[in-house]
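Okay, so here's the structure we're looking at.
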Amino acid sequence: KDNSVGPSDIEFVYFNLTLNPAGANLFTESLNPTNPQLGKYIDYEIFDVRDNAGNLYHDAEAHHIYIDSAYPGVVPNFNSGFTTSSYLNTFSYNVSDNSFETNGKGFTPTLACTLGIGALNTVKQYTSDSTAVFNEDLSGLEDGTYNALITCIDNATFQTSHSSSFNLDTHGPEITITSPSPAAATIKNGTLITMEVTDFTAVDTVWYGFN
């Protein structure tokens, strides 16, 4: 029966189920919720079940089902490809799911979101459309390029993933004098002093001076 529009509009839909033996005393049957006669909210009961001896079973309890047909929404609140010099970083996402509309209707929808960065994994649970904020300590990671991968799974096992790259650069540039040799104490006029400046991301500016 369809409860999507209120009790006054409930309609009963009957199905004749042919049970399939799956074991000595176990029978299974599936109900196709995409039937156009059914709505998003379904209450179902099992009745008029008889065994070979004629014993009757009637299920007096109504079982509630919500038909989820959509994937969770995940939208990052930051741009992919950013560079950070700090180990402490915040990754923020707007997460949503259509099953949250069932709150207050006898259902307890949840959205489990996991943020993975390298070997780090943080799991958070949400029961409504939310801003998911992950405050991550990346001090266990070496400088490099990483992907922040968030995966959100709802009660119907629909899942959505989103990957964003970023650069972790916590060390300053390295400078190496290549010529003349550092051991050379005397140079002639006009000698070029050359050096190499390297950094994981990029070198912005180089200043030099003479004493």
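Pop out the ³J(HN,Hα) list for region 74-84 in order, Karplus 6.51 cos²θ - 1.76 cosθ + 1.60 with θ = phi - 60°, rounded to Hz; leave Gly and Pro as x.
Coupling constants for region 74-84: 9, 10, x, 9, 8, 8, 5, x, 6, 10, 10 Hz.
How far, in nm, would the chain grow between residue 123 and residue 55 when pulled straight, counting 0.36 nm per residue and subtracting the alpha carbon separation? Walk me through the numbers on the way to the answer.
Working: separation 68, 0.36 × 68 = 24.48 nm, distance 4.89 nm.
The span from residue 123 to residue 55 would gain 19.6 nm if fully extended.
Alpha carbon centre of region 54-123 versus region 127-172: separation in Å?
15 Å
Amide H to amide H under 5 Å from residue 138: which residues, 5+ apart in sequence or cross-chain, H placed 1.01 Å off N in plane?
So residue 138 has HN proximity to 88, 89.
Roughly speaking, to the nearest percent, how much of region 110-204's 1.4 Å accessible area is carbon and sulfur?
Working: 2960 of 5800 Å².
Carbon and sulfur: 51 percent of the exposed surface of region 110-204.
Evaluate E = 1/(1 + (r/R0)^6) for residue 88 and residue 196, where r is the Cβ-Cβ distance and R0 equals 30 Å; express this FRET efficiency to the nearest 0.05.
On the way: r = 31 Å, r/R0 = 1.04.
Efficiency, from the Cβ-Cβ distance: 0.45.
Among 99, 168, 150, which residue has its Cα positioned farthest towards the positive end of the charge dipole of region 90-177, with +1 placed on the Cβ of Lys and Arg, -1 on the Cβ of Asp and Glu, and the dipole taken about the Cα centre?
99
Can you tally the net charge around residue 156? Count Lys and Arg as +1, Asp and Glu as -1, for every other residue whose Cβ sits under 10 Å from the Cβ of residue 156. Show your work: numbers first, answer last.
On the way: positive: none; negative: 68, 97, 154.
Neighbourhood net charge equals -3.
From the phi angles alone, apply the Karplus equation (6.51, -1.76, 1.60; θ = phi - 60°) to region 167-179 and give each ³J(HN,Hα) in whole Hz, x where the residue is Gly or Pro.
Coupling constants for region 167-179: 10, 9, 9, 10, 10, x, x, 9, 10, 10, 6, 9, 7 Hz.
Using the beta-carbon distance between residue 136 and residue 71 and R0 = 30 Å, what value does 1/(1 + (r/R0)^6) give for FRET efficiency, to the nearest 0.05?
Values: r = 25 Å, r/R0 = 0.83.
Once the sixth-power term is evaluated, E becomes 0.75.
Long-range amide H contacts for residue 148: which residues qualify at under 5 Å (H placed 1.01 Å from N, peptide plane, sequence gap of 5 or more or a different chain)?
164, 165, 166
Run down the aspartates and glutamates and flag those whose C-alpha is under 14 Å from the C-alpha of residue 40, throwing out any fewer than 8 positions away in its chain.
2, 9, 11, 68, 101
Scan region 86-148 for GluC sites (Glu not before Pro) in coil per DSSP, keeping those whose Cβ has at most 12 other Cβ atoms within 10 Å, and list them by number.
Passing both the DSSP loop test and the Cβ count: 142.
Please list, ordered by chain and number, the residues whose modelled amide H lies under 5 Å from the amide H of residue 110; skip anything fewer than 5 residues away on the same chain.
Amide H neighbours of residue 110: 155.
The values are calculated or read from the model by the stated rules, or taken from the named source; none is laboratory data. All figures in this text were calculated on a predicted structure; none of them were measured in a lab. Please note: Cβ atoms are built from the backbone with ideal geometry, for glycine as well, and neighbour counts cover all protein chains shown. Ligands, DNA and RNA are stripped out before the accessible areas are found, and what is left, the full protein with its side chains, is counted by its heavy atoms. Shrake-Rupley method; radii C 1.70, N 1.55, O 1.52, S 1.80 Å.
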